[in-house]
1. Among (1) more than 21 Å from the chain's Cα centre (by Cα); (2) farther than 30 Å from V195 by Cα, where does V159 come up short?
2. So for the stretch 27-50 (the condition being touching a residue at least 60 places away in the same chain (Cβ under 8 Å), in a helix (DSSP H, G or I) and of a type in the set (A, V, I, L, M, F, W, C)), does at least one residue qualify?
3. Take the residues in the stretch 1-19 that are in contact with a helix residue (DSSP H, G or I) (Cβ under 9 Å, 6 or more places away or on another chain), more than 12 Å from the ligand (Cβ to nearest atom) and of a type in the set (A, V, I, L, M, F, W, C); name whichever of them is farthest from Y209 (Cα to Cα).
4. So is E245 part of a helix (DSSP H, G or I), out of contact with any Ser or Thr (no Cβ under 9 Å at 6 or more places or on another chain) and free of Cβ contacts under 8 Å to residues at least 12 places away in the same chain or not?
5. Taking the stretch 200-242 only, how many residues are among the hydrophobic types (A, V, I, L, M, F, W, C), within 15 Å of the ligand (Cβ to nearest atom) and outside any strand (DSSP E or B)?
6. If a residue must be buried (at least 22 other Cβ atoms within 10 Å of the Cβ) and either modelled with pLDDT under 95 or in contact with a helix residue (DSSP H, G or I) (Cβ under 7 Å, 6 or more places away or on another chain) (or both), how many such residues does the stretch 216-225 contain?
7. Which condition number in (1) surrounded by fewer than 17 Cβ atoms within 10 Å (Cβ to Cβ); (2) in a strand (DSSP E or B) is the one that D105 fails?
8. Going by what's in this entry, would A233 be described as under 21 Å from K283 (Cβ atoms), touching a residue at least 12 places away in the same chain (Cβ under 8 Å) and in contact with a Leu (Cβ under 6 Å, 6 or more places away or on another chain)?
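The values are calculated or read from the model by the stated rules, or taken from the named source; none is laboratory data. Small disclaimer: the values here were computed from a predicted structure and weren't measured. We place every Cβ from the backbone using ideal geometry, glycine too, and count neighbours over all the protein chains shown.
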Amino acid sequence: MIVVPLGVASATPTAVRHLPAVALWREGSVFLFDCGENAQMRMLQAGIKRSKIECIFISHFDVDHYSGLIGLLSTLQLQRRDKPLRMVGPKGLQEYIEWNLKFSDIEIGFEIIFIEVEHDTDAAVVIDEEDYIVEARALKHRRFCLGYRFQEKDKPGKVNAELANELGVTKDEDFKALKNGEDITLDDGTEVKSVDIVGHPRPGDSFAYVTDTEYCPNAVKLALNTNILYHEATFSDSLADKASETGHSSAKDAARVATEAQTKLLVIGHFSARYTNPHVLLKEARDGFYPAWLANELRPIYTDPSHERGILTAKVELRDLTKSNDSRGGGGRSGGHRGRSGGGGGYRSNDRGGGNRNFRPRRSSGGGGGYRSNDRRSSGGGGGGYRSRDNNRSDGGGYNSRSNDGGGYRSRNRNHRDSSSSGRSGDNKWNSDSNRSYSSRSSYDDQDRF
Ligand SMILES: [Zn+2]
């Protein structure tokens, strides 16, 4: 699974952040969670084909979360899409779409399958396919709002091809039967047991999308043991009153959900426009939960980078932040960056990768890895990043330390453990987790790993 934040703003877009939308890529299909204005454009820039959209999930009807729908549907129509599209959301979605299409005189040539959730629903399975399932749960917002959990079903265990060969298994149908747990008898009478050839089923990956909500138990249920939890963090805890007044979470709330749900990775997004530099939110989240990341627009987050890296290559990159700052002038947002002693590095390159500044065409990049190579290039510029600005931070420079010395996760974990008063054992998880893609210690040293 690859999760790509397309818009991490809340309510109003800013010069550097777009309205809410998150794309989930899985085995060639794309699932879109919310569709703020510009989502289709951001998909294009992220290197995600709109024609691959399988299903769109809308959380609720605050306009920033669905304002990109009609434009996207129009594009799909102009692209002559013919496969059906599923659209999931609170009751009213179908009426909204149909009214708009009629008003604009757009004749859609493909089938739209609406899956609407009644407004008093607490939890519902909205999609149940052969290899994945999607659950919706009501969150706690000013209006009816759904969070989603995308869960892959368990995958069959790996076949020991060498042993199968030795035993004389050659036919495809025999392999298939063995994979399905059936024992077979070969032509020469040899009995081959499935259990001898096929390993244990592997747990499927999972992703939770929780946005526009105060802390609530349903958020925890959605996020339970997920690989990736995308959780809103509109405010910092210093504005907790404002958060609850508007039905939103603080970064501290997001960390609480992540902790209770024991997710493997918390990614926070949906930042209020007042946070020109959302790093303060990240710091707050990390005080309560580790590992936590800021959602960076267009920057992919992988559950299995060894196989997924390079699949999505962004079509844009951003200008050097320093130049960008100079040209924009004024504003508090750049003070931190400019005032830092270091050159390139961590968050700065993420921001850049995140589509947050002026675009320019990608240079032809040797070796895949899209943003990754950008990050690397920029991090080569030397230390710096947020790290040097926040001298009092004990947990190092996040992406920065990873991309610079390759030892980020480890060292960060260690530092965090030292400084954490929460007593969480989450950092140990990194090294003890037996889950396949997290099991190797060295793997945490890679960038973009989740
Ligand atoms: Zn919102």
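1. (2)
2. So far as the stretch 27-50 goes, yes, one or more of its residues are touching a residue at least 60 places away in the same chain (Cβ under 8 Å), in a helix (DSSP H, G or I) and of a type in the set (A, V, I, L, M, F, W, C).
3. A15
4. yes
5. 2
6. Residues that pass the stated criteria total 2.
7. So D105 meets the others, but not (2).
8. For A233, the condition - under 21 Å from K283 (Cβ atoms), touching a residue at least 12 places away in the same chain (Cβ under 8 Å) and in contact with a Leu (Cβ under 6 Å, 6 or more places away or on another chain) - is met.
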